[in-house]
Amino acid sequence: MIKRKLLTLFILLSFSHHSNAQFGFSHEIGVIAGPIAFQSDYGERHDLKTNSGNTGIGIGIIHYLNFSYKADCNCYTPETYFNDHFKLRSELSYNKTELKHFGEWVEPNKTSLGADQLRAMRGNTAITNVGMQLEYFPLSIRDFTASIGKIGPFVSLGAQFSYYNAKAYSTMGPLGTPLTTFPKYLTPTDGRPYGFSTEGGSVWSVVSSVGTRYKLSPLRDLMVDLRFQYFFSNWVDGLNPNPAIYKENKANDWLVWFNFGYIYYLQ
């Protein structure tokens, strides 16, 4: 399914390149990849082991509308502040993270049944994202484009629609019984019989990034990008203990993605 979506997006981008040139845009395409730290109900919040342990990898393809350059005439557009400092980025990306509990309550010196249940609990979530961001370049896009070896820092803000597929399980046996499941995950949540789920779903998220480009050649850039993505749901990781009882787990899921990118300018 993911491969078909990627192919579809490439076809759409190719069509867009030919059909939109007369409106004063040029196009850029690229690929991104890098590690992800997923902040969820697995592990103890603000714990270093949780932050470093619940990690995954993400990949994606990106497309930019460059308003400072016109592909049809191989020339710059009339100079305005917007044209010289903003680009519109669309993206299709995929990431997957393996999850487990870390922190004080699963330390080796904890010998209770609850500690054993938490240590045995495992999960993963796979997320497909599609969305757009508006990127702001405080320095001139024209100056960056014309100078090999130049740096072009940026910040961005946007939204994405995501489909997630979460799984939760235990090495002690099927979840949902007092023998295998920590009590907080046996509590009903949002009309579901338990505070865990092995289902998929869709969710909106807000995305913000800070990064920079490096001008490698007239038609090629390298990019590094640090992203924060906040989901408007607490089910993305597959866990959601009843927030009315377990206040420490009331926050929605979010992630940080540090990615590297390669961008090519279409002519």
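Assorted remarks:
- Stokes-Einstein translational diffusion, the range 144-248 - Kirkwood Rh over all Cα pairs, 1.306 mPa s, 10 °C, in µm²/s: 93 µm²/s
- Projecting label points 7 angstrom from Cα along Cα→Cβ for V210 and S112 puts them 4.0 nm apart.
- Separation of the T187 and S217 label points, Cα + 7 Å toward Cβ, nm: 5.9 nm
- Here the contact order of the range 95-227, divided by its residue count and restricted to Cα pairs under 8 Å and six or more residues apart, works out to 25 percent.
- Protection proxy ranking of 222-235, 242-255 - average other beta-carbon atoms within 10 Å, highest first: 222-235, 242-255
- Tensor-based shape of the range 205-251 (alpha-carbon gyration tensor, a/c under 1.5 rounded, otherwise prolate or oblate): prolate
- The modelled label-to-label distance between R122 and Y264, using points 7 Å beyond Cα along the C-beta direction, is 3.9 nm.
- Backbone N within the range 194-215 under 11 Å of label point (7 Å from L139 Cα along the Cβ vector): 212-215
- Linear extension gain, E79 paired with L226, 0.36 nm per residue minus alpha-carbon span: 50.0 nm
No value in this document is a laboratory result; all are computed from the given coordinates. None of these values were measured; they are calculated from a predicted model. So basically every Cβ, Gly included, is an ideal-geometry build from the backbone, and we count neighbours across all protein chains shown.
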